[in-house]
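**Student:** Before I ask anything, here is the structure I am working with.
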Amino acid sequence: MDQFTPSTDPVLNSIAWSAIVALLPLLTFFILLAVVKTRAHIAGAFALLAALLVGIVAFQMPAGLALLSATQGGVFGAFPVLWIVIMAVWLYQVTVLSGRFEDLRRVFDVIGKGDVRLQAVLIAFCFGGLLEALAGFGAPVAITATMLLALGLPPLRAAAAVLVANTAPVAFGAMAIPITTAAGLTGLQATDIASIVGRQAPLLATIVPLILLFILDGRKGLKDCWPAALVVGFSFAVAQFLCSNYFSYELTDIVASLAGLGAAVLFFRVWTPKGSNAARERLGVLAEAAEEAASATAGGGSRRGSAVATADTAEDRLTPRRTWLALFPYFLVIVVFGIAKLWKLGVNVPAFLASTDIKIPWPILHDALVNAEGKPISSTVYSFQWLSTPGTLLLLTGLIVAAVYSKYNDGGRYRITIGDAVKEIWNTIYRMRWAGLTIITVLALAYVMNFSGQTISIGTWLAGTGTFFAFLSPVLGWIGTAVTGSDTSANALFGKLQQTAGLKAGIDPNLLVAGNTSGGVVGKLISPQNLAIAASSVNLEGKESVILRKVVGWSVALLLVLCTLSYLQSTPILGWMLP
């Protein structure tokens, strides 16, 4: 097959016209998803078809190479991207099947010291961060919204709170798959992107708990509980920065969430919230729910999934052992990933795992797709990371968790076997089949646009804004995530574009790709997908527009903060913040 070199101006020899034509696949995807309201995998399929047509007809890419580009993107979407997501969700499901998940919910009830506002912040922010680290894709919103409703909080406030809380952790969600995806598409180092995101997202993490207090109880809530919110947010932010820069970026959300929770435990030993009873009255919290929260503080815990108080029994009470086992999966993930990423005593584990990666030059495509110097481009080499990928590490972690839970089942109270856990893998794959198809089609779309030159053309055109593009960079991620509901998809769509624009405008491409990732986190709370999940979780189906009006201002305000930060980081003013 003849060799092909992408061009930035194949349409009328004009970069502008070429970029406008190259936007058609993205417009197809967004219009079908947001206006026509088709399902995401259908929109992705039609957008992929549009990308193939534009690549072949307008950008003059041979049809065979265009199709091969789509196959490499689809395979990358399936493994490692989808594999990581499935394993993360599966590990969460293991905790649910075992019954230990309910104990973890009780842990948050106990820590909140009977103040419904602080319980809500810990559940929505810290526990939501843990769920985002493992499950993502709407699960944190659905689960934490139900838990806030069980506390007796008004449905609209509960929905708004969990949506806003599901911002700071998103960039590192599902074991940081948005960053891993961006690195895979751009050829940039994931650790470099993560380190910059780790110097942007912590700003959100610091202020989000304060925003949650305002959403839940207005200025009075801020006045009563701001010290606790600041401690939780700041601890989360510090851990987020340290983990993403110096430990393992895949573990950032888990470490940060546990750090925020641990800081709350320590802080509540020396500080007591004010106005807890008055807050319950203002929020209209049911008396029964308040009594249950109080019994949880005394060590009783709450009944499963119910805000109705009942006589507490010894069987329901948390013990140190049950608390430890509830938290065990998250600590084990840290240990497993820490060994895989950092252990070099005796055996260099990271080097060993990297040596097992299988490099596969994509058939035909690798030799036919060349740069201006006539050399094959490195991104046509597919890396099969069968052992070193976070997905496989999560599989190992989940099997260990299942084995421990099956042995320590408290006389059959918590029942799960390794066989049950393995069976749940197939159930998880089946439940995620449409989400998985969306991931595969979006990655196939991204590869076609990247290899045909469509993305480069758009990036070159946008780079005409010069250094101001650093301000606009988060906006693209915000739009992409708001429409797709996924920061991973936003990075797949715009990661290469951001890199190209950065190189053309003289801006660090790592900063722009990081800006795309950070901008996406504040777009998620207004995505139709997340709004629908939140509405259904708090029994407000059909009221998505009401919830949107409650949170859209926060989304725009936080976006402007990120845009300003990204721009200043591209200048000497805050350039010192970058690694």
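**Student:** Please tell me if F236 is without any contact (Cβ under 8 Å) to a residue 60 or more places away in the chain, hydrophobic (A, V, I, L, M, F, W, C) and either within 23 Å of L548 (Cβ to Cβ) or assigned to a helix (DSSP H, G or I) (or both).
**Tutor:** Taking the combined requirement at face value, the residue does not satisfy it.
**Student:** Does the stretch 355-363 contain any residue that is more than 15 Å from D103 (Cα to Cα), at pLDDT 80 or above, in contact with a strand residue (DSSP E or B) (Cβ under 8 Å, 6 or more places away or on another chain) and surrounded by 15 or more Cβ atoms within 10 Å (Cβ to Cβ)?
**Tutor:** Within the stretch 355-363, one or more residues are more than 15 Å from D103 (Cα to Cα), at pLDDT 80 or above, in contact with a strand residue (DSSP E or B) (Cβ under 8 Å, 6 or more places away or on another chain) and surrounded by 15 or more Cβ atoms within 10 Å (Cβ to Cβ).
To keep it simple, each residue is scored yes or no on (1) assigned to a helix (DSSP H, G or I); (2) over 19 Å from the mean Cα position of the chain (by Cα).
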residue	(1), (2)
G502	yes, yes
A534	yes, no
E541	no, yes
L565	yes, yes
W576	yes, yes
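**Student:** For the stretch 522-532, state whether one or more residues are under 20 Å from S489 (Cβ atoms), hydroxyl-bearing (S, T, Y), at pLDDT below 95 and not in a helix (DSSP H, G or I).
**Tutor:** yes
**Student:** Which condition breaks for Y382 when tested against (1) in contact with a strand residue (DSSP E or B) (Cβ under 9 Å, 6 or more places away or on another chain); (2) hydroxyl-bearing (S, T, Y); (3) crowded, with 24+ Cβ neighbours inside 10 Å?
**Tutor:** Going through the list (1) in contact with a strand residue (DSSP E or B) (Cβ under 9 Å, 6 or more places away or on another chain); (2) hydroxyl-bearing (S, T, Y); (3) crowded, with 24+ Cβ neighbours inside 10 Å, Y382 breaks only (3).
**Student:** Quick one: would you say T38 is of a type in the set (V, I, T), touching a Leu at 6+ places or on another chain (Cβ under 9 Å), modelled with pLDDT under 90 and surrounded by fewer than 18 Cβ atoms within 10 Å (Cβ to Cβ)?
**Tutor:** Taking the combined requirement at face value, the residue satisfies it.
**Student:** Among (1) at pLDDT below 90; (2) of a type outside the set (D, E); (3) over 23 Å from I31 (Cβ atoms), where does G77 come up short?
**Tutor:** (3)
**Student:** Something else about it: Cβ-Cβ distance below 9 Å, separation of 6 or more or different chains: which pairs start in the stretch 204-232 with a residue that is without any contact (Cβ under 8 Å) to a residue 40 or more places away in the chain and end on one that is among the aromatic types (F, W, Y) and in a helix (DSSP H, G or I)?
**Tutor:** T206/F234; T206/F236; L210/W226; L222/F214; V231/F267
**Student:** Could you grab me the full set of residues in the stretch 1-28 that are outside any loop (DSSP other than H, G, I, E, B), crowded, with 18+ Cβ neighbours inside 10 Å and of a type in the set (G, A, S)?
**Tutor:** Hits for the stretch 1-28 are S18, A19, A22.
**Student:** Please find, among T517, T428, T455, T500, the residue that is crowded, with 23+ Cβ neighbours inside 10 Å, under 23 Å from M175 (Cα atoms) and not small (G, A, S).
**Tutor:** T517
**Student:** If you don't mind, there's one more thing I want to ask. Spot the failing condition for D103; the list is (1) closer than 30 Å to R549 by Cα; (2) surrounded by fewer than 24 Cβ atoms within 10 Å (Cβ to Cβ); (3) modelled with pLDDT of 85 or more, and only one is missed.
**Tutor:** (1)
**Student:** Another question, if that's okay. Tell me, which residue of the stretch 278-299 that is surrounded by 13 or more Cβ atoms within 10 Å (Cβ to Cβ) and modelled with pLDDT of 80 or more is farthest from A239 (Cα to Cα)?
**Tutor:** R282
**Student:** Among the residues of the stretch 336-373, count how many are within 24 Å of T71 (Cβ to Cβ) and over 28 Å from the mean Cα position of the chain (by Cα).
**Tutor:** Residues in the stretch 336-373 being within 24 Å of T71 (Cβ to Cβ) and over 28 Å from the mean Cα position of the chain (by Cα): 12 in total.
The values are calculated or read from the model by the stated rules, or taken from the named source; none is laboratory data. Not measured: the values here are computed from a predicted model. FYI the Cβ positions are ideal-geometry reconstructions off the backbone, even for glycines, and counts take in every protein chain you see.
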